[in-house]
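What follows draws every value from the coordinates through simple rules; no lab data is involved. The structure presented is a predicted model; accordingly, all values stated were derived computationally and were not measured. Because the Cβ atoms are built from the backbone with ideal geometry, glycine has one as well, and the counts that use them run over all protein chains shown.
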Amino acid sequence: MTNAFLYAFAGIGLFVLGLHALVVHAHVLRKILAVNVMGSGVFLVLVALARRSGEATSDPVPHAMVITGIVVAVSATALALALMLKLAGKSGEAVLPGKHND
Amino acid sequence: MTATDYAAACLFILGGIFFFAGTAGLLRFPDVYTRLHALTKADNVGLGLIVAGLVLQAESWLVAGKLLLIWLLVLFAGACVAHLVARRALRKGIRIWTE
Amino acid sequence: MDGIIFLQWAFDAVLGLGLLWLAWRALNSSDLFKAIVLFIAFGLLMALAWVRLNASDVALAEAAIGAGLTGALLLAALARLETMTDQNVSGVSAHPAHPPSPTPAGSRFSRGLLILLLSASTAGMGYAVWSLPSYSTGLSMDVAAHLDSSGVSNPVTAVLLNFRSYDTLLEMIVLLLAVLGVWSLDGLPPQPEKPPATVLETLSRFLTPVFILVAAYLLWVGADAPGGAFQAGSVLGATGVLLLLSGWRPRARLMQWPLRLALTTGAGAFILLGLLTLLLEKQLLAYPVAQAGRMILLLESLATVSIAATLAILFLSVSSGHKMKTGKEEKE
């Protein structure tokens, strides 16, 4: 049991928090934030588990994957934001159709 | 621990005090302008003291130079950003706190 | 020595709890602007966590992208959303009945189901992590054994650009697809532009050469220390964002083939080299050992240009609705 596991559990917590927000919130911008937090949780688990060998060296393969993942996440976020703006332009609000009944 | 290590430790603690005070100010001061004041103090002096401590412990002049460069960049960016935030707050009509 | 170990545990625990707390606040704050600012702070704390986990390469990428560029994109999109829907979406006024709060569809049953589902997945993932052996070197031994033949001495760069360079090849294509996707969503009203502050102009004027120098340094140093194409590309992309924020717009001529070339050069170089190595070495992206260092530097330089151009152009498209219609310039 090392500090690495502490971060791995924090990563799981982040993933679940993000999943909760993704399901619960109607506003698309909040959903985009939620997906980003979920992604950070996954990255944290990956890198934390790469640290299990102790002080000496970490496993560089998950590090490389996470760096790739961060760049993919930002481009996906940009695409999602553009889609959200398009949705808001069409429907007047950034909420998925059929999602709010007030 | 050598004498330089002790000196560096003193600088770190002093810097930490500045960061603590700046954070307390950020949380407790009444309006955006006074909060900016507290924040920039922590950034400039607190970081300056910590960089000074790290320079004392640096292995080479190159590392010391890089650390100083980081401090200067943070000073510059911090001053500009504080100005921009204050300007935006003034434009938005946020009043300056007076008692 | 025990004291130091205790302090480290305490620091890690505070950092982990801080991450969870910030994420919770960011996801559930009533104000969208506040939510985004908290998310940026969350990104900065993530960068700190990467440093604690001995992943400086990831920390550099996170600080530049996770906290910097994603935050800029989100804020720009929020500003645009507010002008488009012509109301203060960020405020509580957006949906008067239940502004930040859950969708109303949440009857007691579905809420219970959600909680059940979330606790089940937490328990499942927690058990999966718990049951892993607490000591494992993963693939680090294999990487270390072949590091000499990779052409670089930073293991992360070796993985990214030699051992698993097909990851980076596909990543360049993902970036290209994101730009194509954003460009194909036209028909949005352009954002009215505000004159930028003079301080911002001075800031960007002073910082642009510094940023370019930093990007070049990160690219060069990536061969044997934390850094590399992704970090350099994101610093350069952030330079572009800063310039765009201070009112600079690329000339129409620059938006034609020079931009397209910059966007595709990374993916193009990877594909060309992939085909070449497939022909000569009978294996995708297997560089000859003697040339590996030079090839990685070349690929990384081109990838840096592509990543920077992609990130800056994504910001431009999201923030101002600037789109590239068949070479005709939209507005100037």
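If you rank C:L69, A:L83 by fewest surrounding Cβ atoms within 10 Å, what's the result?
Fewest to most other Cβ atoms nearby, the residues stand as A:L83, C:L69.
By counting other Cβ atoms within 10 Å of each Cβ, how are C:L175, C:L7 ranked from fewest to most?
Fewest-to-most ranking of C:L175, C:L7: C:L7, C:L175.
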Global geometry of region C:152-332, whether rounded, prolate or oblate, following the gyration tensor of its Cα atoms and the 1.5 cut on a/c: oblate
Mind listing P(r) for region C:249-290? All alpha-carbon pairs, 10 Å bins, whole percents. 28, 32, 21, 15, 4
With eigenvalues of the C-alpha gyration tensor scaled by 5 and rooted, the protein assembly as shown, Å: 34, 31, 28
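Filter B:K66/C:K34; B:K41/C:K194; A:K31/A:K86; A:K90/B:K92 down to the pairs with a C-alpha to C-alpha distance above 25 Å, please.
Over 25 Å Cα-Cα: B:K66/C:K34; B:K41/C:K194; A:K90/B:K92.
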Let me know the Rg and Dmax you get for region C:103-186 when you use only its Cα atoms, in Å. 21.9, 61
Viscosity 1.567 mPa s, temperature 4 °C: give me the Stokes-Einstein translational D for region C:1-90 in µm²/s, with Rh taken as the Kirkwood radius over C-alpha pairs. 90 µm²/s
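Quote the relative contact order of chain C in percent (integer), defining contacts as alpha-carbon pairs under 8 Å separated by 6+ residues.
Taking the mean separation of contacting Cα pairs over the length of chain C, I get 20 percent.
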Considering the options A:H20, B:W71, C:M295, tell which one lies farthest towards the positive end of the dipole of the protein assembly as shown, charges being +1 on Lys and Arg and -1 on Asp and Glu at the Cβ, about the Cα centre. A:H20
Going 7 Å from the Cα of B:A7 in the Cα-to-Cβ direction, what parts of region B:57-78 have a backbone nitrogen less than 11 Å from that spot? B:57
Proxy exposure order for B:F76, C:F315, C:F163, B:F20 (fewest C-beta within 10 Å first) is B:F20, B:F76, C:F163, C:F315
Can you tell me how chain A classifies by the Cα gyration tensor, rounded, prolate or oblate, using a/c under 1.5 as the rounded cut? oblate
Pairwise label distance in nanometres, B:R28 with C:A123, each label 7 Å out on the Cα-Cβ vector: 4.6 nm
Ratio of Rg to Rh over region C:196-294 (Cα coordinates, Kirkwood Rh, two decimals): 1.10
For region B:3-91, what is the largest minus smallest coordinate of the Cα atoms on each principal axis, given in angstrom and ordered from greatest to least? 48, 24, 10
Over 30 Å [Cα-Cα, chain C], rounded percent: 49 percent
